[in-house]
Amino acid sequence: MASDREDFTLCGPSHLTNLDWANENHQRCVAACLVQGIYIVERDRQLQREGSQALASPWWDSFHFKLIRRLIDDADFSIFGAIYEFKPPQQDTTTITTVDSKAPRYAIAFRGTLTKPDSISRDLELDIHIIRNGLHRTSRFDIAMQAVRSMATSLGASNLWLTGHSMGAAMALLAGKTLAKTGVYVKSFLFNPPFVSPPIERISNERVRSGLRIAGSLVTAGLAFSRTLKQAQQPQQQQQQLQERNLSEDPLKALSLWLPDIHVNPGDHLCSEYIGFFEHRGNMEQLGYGAGIVERMAMQHSLGGLLMDAMGVSNAVDVQEPVHVIPSAKLIVNRTASEDYKEAHGIHQWWRDDQDLVSNIYLFK
């Protein structure tokens with residue numbers, strides 16, 4: 001049975017009667033609806049809703065998009081993403097408005113975890129990969145990355161949007177980071193991306209939060225330095241692989257010019273730490289050069305990953321900074337009180353017009 005929250009006419013952004021593509025709030029609403037479309041198209045598949053019974057298409061048709069390709073997981077055949085093409089009504093090309101020129105030609109969207117029998121097993125497997133910092137090694141991400149890279153290469157980054165929610169936001173973030181390291185910067189809308197870390201932001205005492213973050217940075221940087229010394233004692237061939245990786249890539253420097261829109265809710269423990277992450281980075285920079293170096297080293301590593309490496313569980317050559325590591329971003333925080341975690345983590349909040357949103361731009365190198 002269909003949920004009212006799946007029906008565009010019942011819970012879609014009814015206030016967008018006159019869409020302005022130059023309006024950032026309108027852009028956010030549309031991007032969130034495109035992600036919702038992927039959730040619903042997968043539910044349509046699972047419930048075998050076809051024709052007039054299907055509920056997905058209004059989530060993109062209403063904004064003149066056309067779904068041109070579904071992205072399908074090779075393990076459970078669920079639909080986890082899609083490529084949309086913007087198809088505005090026919091008009092004289094000499095009268096195209098500035099507003100329409102702000103719209104993307106194409107958009108790629110990824111859904112998050114669906115807790116339904118046909119998809120939950122594979123989705124939870126992917127969630128575990130995110131926790132273990134191994135999303136880049138999954139076949140679903142390979143499919144997603146191939147689609148993103150192909151579209152960005154053939155169209156140009158300026159003609160493409162990248163968006164996702166929850167696990168889908170992690171996938172979009174990792175795909176965007178991968179391109180950004182090559183100098184390709186795609187406009188991205190990331191809703192409730194998971195931050196793999198204890199939710200320190202949920203602690204009410206500011207001094208306690210600050211102390212825990214400083215201690216975490218010192219421990220993580222210390223373990224990272226220890227691993228560097230350990231790597232120096234490894235066989236020559238393995239050292240060469242590590243040196244080649246380090247010489248070919250300064251992840252923070254390469255990423256500093258990419259400015260994705262990251263949308264978080266303080267009541268969502270999966271993503272709320274982004275708030276403290278950027279504030280803490282700024283505070284460490286202000287403490288002085290040494291503290292800045294410690295934080296720069298710490299933020300490129302996962303404390304859990306370093307501990308696993310110390311115990312010999314992980315492969316040091318296949319090390320990648322955590323998905324959430326991003327030096328620059330426009331952080332949009334929804335300060336509206338949420339009834340529960342489900343509402344704080346949900347996609348629906350991001351197209352509503354009654355939310356208290358506060359945004360800040362963070363630029364670090």
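Near the amide H of His324, under 5 Å away, which other amide H atoms are found, from residues 5 or more places off or on another chain, if H is placed in the peptide plane?
Here Val196 satisfy the definition.
Chymotrypsin sites (Phe, Trp or Tyr not before Pro), restricted to the stretch 23-77: which are DSSP loop and have at most 13 other Cβ atoms within 10 Å?
Those that pass, being in a loop and sparsely packed, are Phe77.
May I have the count of lysine pairs in the stretch 86-188 with C-alpha atoms under 29 Å apart, counting pairs 8 or more residues apart or located on different chains?
Within the stretch 86-188, the lysine pair count is 7.
Applying the Karplus parametrisation 6.51 cos²θ - 1.76 cosθ + 1.60 with θ = phi - 60° to the phi angles of the stretch 177-184, what ³J(HN,Hα) value in whole Hz is obtained for each residue in order, glycine and proline being reported as x?
5, 4, 6, 4, 5, 9, x, 10
R0 = 25 Å: FRET efficiency of Asp61 with Thr17, Cβ-based, nearest 0.05?
Taking R0 as 25 Å, the efficiency between Asp61 and Thr17 is 0.95.
Compute the whole-percent fraction of alpha carbon pairs in the stretch 19-79 spaced more than 14 Å apart.
60
Which sequence of Asp127, Asp44, Asp354 reflects their accessible areas, 1.4 Å probe, from the largest down?
Greatest to least solvent exposure: Asp354, Asp127, Asp44.
Got a number for the accessible area of Ile332? Probe 1.4 Å, square angstrom, nearest 10.
Counting only protein heavy atoms, Ile332 exposes about 10 Å² to solvent.
So if each residue of separation counts as 0.36 nm, and I subtract the Cα-Cα distance between Phe77 and Gln48, what length gain in nm does that give?
9.0 nm
Using label points projected 7 Å from each Cα along Cα→Cβ, tell me how many nm separate Arg137 and Asp118, to one decimal.
It works out to 3.1 nm between the two label points.
For the pair Ala254 and Arg335, how long in nm is the line joining their label points, each one 7 Å along Cα→Cβ?
Rounded to a tenth, the inter-label distance reads 3.7 nm.
5 Å is the cut-off here: which amide hydrogens, built 1.01 Å from N in the peptide plane, fall below it relative to Thr336, excluding neighbours closer than 5 in sequence?
Asp356
Given an 8 Å cut-off on Cα distances and at least 6 residues of separation, report the relative contact order of the stretch 10-155 as a percent.
The value is 21 percent.
Take Lys87 and Arg5, extend 7 Å from each Cα along the Cα→Cβ direction, and tell me the distance between the two endpoints in nm.
Once both label points are built, they end up 3.0 nm from each other.
Using amide H atoms built in the peptide plane, which far-off residues or other-chain residues are under 5 Å from Phe110 H to H?
Those qualifying (amide H under 5 Å, at least 5 residues apart or on another chain) are Thr163, Gly164, His165.
I need the phi-derived Karplus couplings for the stretch 67-78: 6.51 cos²θ - 1.76 cosθ + 1.60, θ = phi - 60°, integer Hz, Gly and Pro marked x.
With coefficients 6.51, -1.76 and 1.60, one gets 7, 9, 7, 8, 9, 10, 5, 7, 8, 10, 6, 7 Hz.
Cα convex hull of the stretch 96-183: how many Å³ per residue?
111
Residue by residue, what Karplus-based ³J(HN,Hα) values in Hz, rounded to whole numbers, does the stretch 260-275 have, using 6.51, -1.76 and 1.60 with θ = phi - 60° and x for Gly and Pro?
Per residue, the Karplus-derived 3J(HN,Hα) values read x, 8, 10, 9, 9, 10, x, x, 9, 5, 6, 10, 4, 5, 4, 4 Hz.
Can you send over the solvent-accessible area of His26, 1.4 Å probe, protein chains only, in Å² to the nearest 10?
So the heavy atoms of His26 present about 40 Å² to solvent.
Got a number for the accessible area of Lys177? Probe 1.4 Å, square angstrom, nearest 10.
Lys177 exposes around 0 Å² with every protein chain in place.
The values are calculated or read from the model by the stated rules, or taken from the named source; none is laboratory data. All values derive from a computational prediction rather than experimental measurement. Ideal geometry is used to build each Cβ from the backbone, glycine not excepted, and the neighbour counts take in all protein chains shown. For the accessible areas, the whole protein counts, side chains as well, though only heavy atoms, and no ligand, DNA or RNA atoms are used. Shrake-Rupley method; radii C 1.70, N 1.55, O 1.52, S 1.80 Å.
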